[in-house]
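The values are calculated or read from the model by the stated rules, or taken from the named source; none is laboratory data. Treat the numbers as computed from the prediction; the structure is a model and nothing was measured. Neighbour counts run over all protein chains shown; Cβ positions are idealised from the backbone, glycine included. Keep in mind that these areas ignore ligands, DNA and RNA; they rest on the heavy atoms of the full protein, side chains included. Shrake-Rupley method; radii C 1.70, N 1.55, O 1.52, S 1.80 Å.
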Amino acid sequence: MKKIIVIGGLSAGPSAAAKARRENEQAEIILFEKGANISYATCGMPYAFSGVIESRDNLMVVKPELLQNRFNIDVHLNEEIVKIDTQNKLVYSNKGDYKYDKLIFATGASSIVPPIGNIKLANNWSTCRSMPDFDKIMSEGMATSSKHVTVIGAGLIGVEVAENLKEAGKNVTLIEGSTHVLNMWQQKFGNFAGNVLSSEGIEVLTESLVSKFDIDENGKIKAVVTKDGGSIPTDFVILSVGIRPNTQLLLEEGAEAIGNGALKVNELLETSIRDVYAAGDNVSIKNLQTNEYDYFPLGTHSNKAGRAAGANAVGRNIEFKGAYKTAIVKVFDYTLARTGMNGTALTEKGIPFKTVLTIAGSTPGYYPDQKDLITEIYYNPDTEEIYGAELFGEVGVDKRVDVLSTAIYAKLKITDLAQLDLAYAPPFSPAKDPVVVSSYVTENVLNNRSKQISVEELAELIKETSKDNYLLIDSRTVEEYEQGTIPGAINYPLDQLRQHVDFIKSQDKKVVIFCQKGLRGYLAELILRNNNLTNIVNVAGGFKLWSMFSKDIEIPELVLIKK
């Protein structure tokens, strides 16, 4: 009878144990968990702070009794494995030693605690990764006496924690060392999310590092002190600055790993040590785009990898090939999502790429309460293969990012997206879905019918180039123009643009044209191109994106005169 030992009871471990049992009724399966709970929803913890998830018990996905009774798995709670002898196939706990035929190592990762001054003396702080963390935050951080909570780290968990604390009525400061929150996204998309957080009353501090805690004689944090000398009075602190894989037991046995200690596994979840599998936040799997080992600590990968490891430990041959950084996060009424490689990653790897950005309605304009969806796609300029995408909006972000993630896996061209048969009905999508619109716009660019300029490139142009060298045209209505425009823009509304063609030609300059979101700018661009003007670019996302990206908005003088 085959003996399977699983170390780790959070996500990958129970998934592996249950799958091993489904595949082999006769195997002896033992699961060790160093804590008192298994299979709890760490990703759901922030939503329990605000009451969206109503009770602690709802976070318990699988009870130990279910694994024991339904799956006949011997669950050892509060029993930590402290040593592994892979040569003799033994694991050791403080209660004894256990022989195995196959070992599944699913120990996850631990929160990084930075060397903040006085942190070892302070008591009113916590990380946010385990049930003991959750219990401490609920009893202290969510206490009536805790009026203000500081969250250090603005990644996925940090942002979710900050939002839900605010929803629970707390005053919240969110501190991030990078240039923007959610820094796995491009800066402008991170800034979109940061602006939402600020508009909801959260104090957001970026490019800010914490140097120490000011504490009283009882070890209570009174204020968080930043390296620039700032001081934020606070009642409780939550740390969310990253995680470190729990792999020391196998590193000591010579297992291969990447730089952060995550164990390298192949598509069958086998480590470099014979008969030892690994799955979860403690492993490094292949990035399917780069074919390099990468780190993807997300619950979806933990569950899929655990399932494959469990099956393979009892003789199956199930592959988990890898991932490519698909992620999504709720930011109050908005959603931010990404998949694949963005501009930052592509630039770092020296991979040539082009970008297309669109703003399109998630539903038809005639359907009530239409919301815009911002989509930016990165693609190969020669093969048109999609490299990645980032999206921001209030409605329909999730389904579009999943379409694009699927397209990346299938190695579709960006121009293939227009051929997809996507679900259509007015409550869910316009007749031309935003994904399809992105494909149409790209076709126009590739066919030299249009050329986009990004808001980042426009900002650089305005900063570095004399106004005498380009013509910036606002093609919106006079009323829109009067409400605010991009600095230096002149107003030639689209419907009157043909009257100004001769003047524009006489200027013999680069023409930068924009509207509110991009469509009218494109139509204006076509008018000029059909009148033999060629040095023209249309601002991707138009004035709406510029106003979200830049605080540099000019109110034309005629408005001031009217006032």
Beyond 13 Å, what percent of the Cα pairs of region 486-525 remain? 56 percent
If you count, for each residue, the other Cβ atoms within 10 Å and average over each peptide, how do 361-367, 431-437 line up from highest to lowest? 431-437, 361-367
Low-density loop positions, chymotrypsin sites (Phe, Trp or Tyr not before Pro), region 371-404 - DSSP coil, at most 10 other Cβ in 10 Å: none
Would you mind calculating the gained length between Gln370 and Ile258 on full extension (0.36 nm times residue separation, minus the Cα-Cα distance), in nm to one decimal? 35.7 nm
Can you list the HN-Hα couplings for region 491-500, worked out from phi with the Karplus curve (6.51, -1.76, 1.60; θ = phi - 60°), rounded to whole Hz and with x for Gly and Pro? 9, 10, x, 3, 6, 10, 4, 4, 5, 10
Mean Cβ neighbour count within 10 Å, used as a protection proxy, ranking 224-233, 102-111, 161-170 highest first: 102-111, 161-170, 224-233
Which far-off residues, 5 or more places away or on another chain, put their amide H under 5 Å from the one on Thr127, with H placed in the peptide plane? Leu239
Excluding ligands, DNA and RNA, what is the solvent-accessible area per residue of region 67-107 at a probe of 1.4 Å, expressed in Å²? 54 Å²
Per residue, how big is the convex hull of region 282-359 when only Cα atoms are used? Give it in Å³. 133 Å³
Pairs Lys2/Lys95; Lys325/Lys354; Lys166/Lys188; Lys166/Lys517: which are spaced more than 29 Å apart, C-alpha to C-alpha? Lys166/Lys517
Within region 126-220, report the chymotrypsin sites (Phe, Trp or Tyr not before Pro) that DSSP leaves as loop and that have at most 16 other Cβ atoms within 10 Å. none
I'd like the distance between the alpha-carbon centres of region 339-376 and region 237-287, rounded to an integer number of Å. 33 Å
Ranking request for peptides 321-332, 535-546: highest mean number of other beta-carbon atoms within 10 Å first, then the rest in descending order. 535-546, 321-332
I need the fraction of alpha carbon pairs in region 13-133 separated by more than 23 Å, rounded to a whole percent. 45 percent
Calculated log₁₀ intensity ratio I(q)/I(0) where the Debye formula runs over C-alpha points of region 1-46, q = 0.15, 0.23, 0.26, 0.32 Å⁻¹: -0.41, -0.78, -0.91, -1.15
Taking every other residue with Cβ under 15 Å from the Cβ of Val113 and scoring Lys and Arg +1, Asp and Glu -1, one gets +4
Rounded to a whole number, what % of the accessible area of region 365-439 do carbon and sulfur atoms account for, probe 1.4 Å? 52 percent
Calculate the dipole size of the chain relative to its Cα centre from +1 charges on Lys and Arg beta carbons and -1 charges on Asp and Glu beta carbons; express the result in debye to the nearest 20. 600 debye
Along the charge dipole of the chain, pointing to its positive end and built from +1/-1 on Cβ of Lys, Arg, Asp and Glu, which listed residue (Gly322, Thr355, Gln452) has its Cα farthest out? Gly322
Counting each pair of different Cα atoms once, what's the Kirkwood radius of region 76-125 in Å, rounded to one decimal? 14.0 Å
Compactness of region 131-212, expressed as Rg and Dmax over alpha-carbon positions, Å: 12.8, 38
Calculate how steeply helix 397-409 sits against the longest principal axis of the alpha-carbon atoms of the chain, using the helix alpha-carbon long axis, and give the answer as 0 to 90 degrees to the nearest 10. 80 degrees
Go ahead and collect, in residue order, the members of region 1-34 whose backbone nitrogen is under 17 Å from a label point 7 Å along the Cα-Cβ direction of Glu65. none
Carbon and sulfur atoms account, in whole percent of the 1.4 Å probe accessible area of region 473-516, for 43 percent
Can you give me the long-range amide H partners of Tyr40? Hydrogens built in the peptide plane at 1.01 Å from N, cutoff under 5 Å, separation of 5 or more residues or another chain. Val61
Counting only helical runs of four or more DSSP H residues, what would the 222 nm mean residue ellipticity of the chain come to if each run contributes -39,500 (n - 2.57) and the total is spread over all its residues? -7500 deg cm²/dmol
Provide the per-residue ³J(HN,Hα) series for region 112-122, in order, calculated from phi with Karplus coefficients 6.51, -1.76, 1.60 and θ = phi - 60°, each as a whole number of Hz, with x at glycine and proline positions. 7, 10, x, x, 7, x, 6, 5, 6, 8, 7
For region 450-547: accessible area per residue (Å², 1.4 Å): 46 Å²
Among Lys505/Lys544; Lys413/Lys451; Lys399/Lys451; Lys89/Lys304; Lys120/Lys212, the pairs whose Cα-Cα distance exceeds 22 Å are Lys505/Lys544; Lys399/Lys451; Lys89/Lys304
Pull up all non-local amide H partners of Gly9: gap of 5 or more, or a different chain, and H-to-H distance under 5 Å with H placed in the peptide plane. Lys34
Here Rg/Rh (Cα, Kirkwood) for region 399-541 equals 1.03
So, for region 268-346, what is the accessible surface per residue at a probe of 1.4 Å, expressed in square angstrom? 36 Å²
Dipole magnitude (debye, nearest 20) for region 106-191, charges at Cβ of Lys, Arg, Asp, Glu: 160 debye
Given the options Ile38, Ile116, Ile238, identify the residue whose Cα lies farthest towards the positive end of the charge dipole of the chain (+1 on Cβ of Lys, Arg; -1 on Cβ of Asp, Glu). Ile38
Using each residue's phi in region 35-52, evaluate 6.51 cos²θ - 1.76 cosθ + 1.60 at θ = phi - 60° and report the 3J(HN,Hα) Karplus result to the nearest Hz, with x for Gly and Pro. x, 9, 10, 10, 6, 9, 8, 4, 5, x, 4, x, 6, 7, 5, 8, x, 4
With no solvent and one equal point scatterer placed on each C-alpha of region 57-208, evaluate the Debye formula and give log10 I(q)/I(0) for q = 0.13, 0.17, 0.21 Å⁻¹, two decimals. -0.81, -1.04, -1.32
For mean projected area of the Cα convex hull in nm², several values are listed as [x] 30.7; [y] 24.4; [z] 33.2; flag the one computed from this structure. [x]
Distance from the Cα centre of region 1-54 to that of region 117-193, in angstrom? 26 Å
On alpha-carbon atoms, Rg over Rh for region 146-304 using Kirkwood Rh? 1.07
